[in-house]
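Here is the structure we will look at.
The values are calculated or read from the model by the stated rules, or taken from the named source; none is laboratory data. Owing to the predicted nature of the structure, the values given are computational and were not obtained by experimental measurement. Methodologically, a virtual Cβ is constructed for each residue, glycine included, from the backbone with ideal geometry; neighbour enumeration extends over all protein chains shown. The accessibility values were calculated without ligands, DNA or RNA, using every heavy atom of the protein model including side chains. Shrake-Rupley method; radii C 1.70, N 1.55, O 1.52, S 1.80 Å.
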Amino acid sequence: MLVAIIWGLAIILLLFSLFQNRAKTWRALIFAWKFFRSMALPVLATIWAIGFLLSFLTPSIISRAIGQESGWWGVTLAALFGSVVLIQAFIAFPLAGSLLRQGASVRAIAAFVTTLVMVGVITAPLEAKFFGRQFTFWRNFLSFILAILIALIMGSILR
Amino acid sequence: MKKFFSARNILILLALTNILVYFFAPAKALLILSNARTYLLEMLSVMPPILVLIGLFQVWVPRQTVERAMGSKSGLKGIMMAILVGTAAMGPLYAAFPLGVSLLEKGASLFNVAVFLCVWASVKIPMIFFEIKFLGPDFAGLRLALTLPSIILISFLLKTILKRRSFYEKT
């Protein structure tokens, strides 16, 4: 169902774009192809790693590390990890999804995904150059706190 | 160090490990491959249209459009446009930094720029489909529904803190 919607949307917009401007549509497809080429190997490596993860890490191991049993520790670990790393969503979402299916808690995964997009420790020096240190510190700090809050709420609603 | 951990080398390492596992536990090695294949098929079922959407957004909504959407003034309508366009424009958070600065220069408030940055970082239309695919509609929907009010709160607190301490200076 979801797959059909995405394909339908992409095809309709593509035809619409083609109708409006051929050269632009061609550029869009070339951009998509280049993006695919840059992502292909990392994504393939991630998928293979997920294969290992699903075969070796049993739900009980994952559950102890970042599952319901892990409590605060799991959420904190996931949030810190999400804050520090700089990962493409194309890699992060399948990985997070596979952990979720293997027994990770919604809380931990939500903390990871939310901090991943909102908090950037690695990009903080760059952010400070544009907006100043105070702005950067408070934006990231507040985002981190709210991310934990979002994770806790999501964990209590989705089980 | 960075060269060693390239995607290609990791792939080679994974392949060698997989072969090694095959010698000790053939069933396990095949299980790894079949698990990976399931995910590969799931990925391939959504990746082409999402890439096409990203390409189309990239061409039709380039970064300059975000600025132009603001117009020369930065009223509520302007910033709403910038935020809306920001969900369609592609690029990581750091791509939005120069845009945020130029919004400030056009007179947008600190609150509005903070909202713009946070929305840019956390809401990307093509990626929402991707999140639904791998984390489920409940997860993606709830995260989005909780993130938007959080962004308003973050930006409000940010504005209050920086104003009270009169810390904010343009760098």
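The sole residue among B:LEU153, B:LEU162, B:LEU110, B:LEU158 that is facing chain A (nearest Cβ under 10 Å), in contact with a Leu (Cβ under 7 Å, 6 or more places away or on another chain) and open to solvent by 50 Å² or more (accessible area, probe 1.4 Å) is B:LEU153. Checking A:ILE61, A:ILE87, A:ILE50 one by one, the residue that is aliphatic (A, V, I, L, M), under 18 Å from the mean Cα position of the chain (by Cα) and open to solvent by 30 Å² or more (accessible area, probe 1.4 Å) is A:ILE87 and no other.
The criterion of at least 3 residues that are farther than 20 Å from B:MET43 by Cβ is met by the following helices (runs of 4 or more DSSP H) wholly inside region A:1-115: A:2-20, A:22-56, A:59-66, A:71-84.
The residues of region A:90-100 that are within 24 Å of A:ALA40 (Cβ to Cβ) and out of contact with any Pro (no Cβ under 9 Å at 6 or more places or on another chain), listed by number, are A:ALA92, A:PHE93, A:PRO94, A:LEU95, A:ALA96, A:GLY97, A:SER98, A:LEU99.
The residue of region A:118-127 that is farthest from the chain's Cα centre (by Cα), among those that are part of a helix (DSSP H, G or I) and in contact (Cβ under 8 Å) with a residue 12 or more places away in the chain, is A:GLU127. Six or more apart or on different chains, Cβ under 7 Å: which pairs go from a residue in region B:99-113 that's farther than 13 Å from B:VAL66 by Cβ to one that's in a helix (DSSP H, G or I) and open to solvent by 10 Å² or more (accessible area, probe 1.4 Å)? Could you list them? Hits for this filter: B:LEU110/B:LYS159; B:PHE111/B:PHE156; B:PHE111/B:LYS159.
I'd like to check something: does region A:132-152 contain any residue that is of a type outside the set (A, V, I, L, M, F, W, C) and open to solvent by 30 Å² or more (accessible area, probe 1.4 Å)? Yes, because at least one residue in region A:132-152 is of a type outside the set (A, V, I, L, M, F, W, C) and open to solvent by 30 Å² or more (accessible area, probe 1.4 Å).
The set of residues from region A:64-80 being open to solvent by less than 10 Å² (accessible area, probe 1.4 Å) and β-branched (Val, Ile, Thr) comprises just one member, A:VAL75. Here B:MET90 fulfils each of the conditions (1) at pLDDT 80 or above; (2) within 11 Å of chain A (Cβ to nearest Cβ) apart from (1). Within region B:1-39, the residues that satisfy the criterion of being of a type in the set (Lys, Arg) and either assigned to a helix (DSSP H, G or I) or facing another protein chain (nearest Cβ under 8 Å) (or both) are B:ARG8, B:LYS28, B:ARG37.
To keep it simple, each residue is scored yes or no on (1) of a type in the set (D, E, K, R); (2) under 17 Å from B:LEU11 (Cα atoms); (3) modelled with pLDDT of 90 or more.
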site: A:MET39; (1), (2), (3): no, yes, no
site: A:LEU44; (1), (2), (3): no, yes, yes
site: A:ARG64; (1), (2), (3): yes, no, no
site: A:TRP73; (1), (2), (3): no, no, no
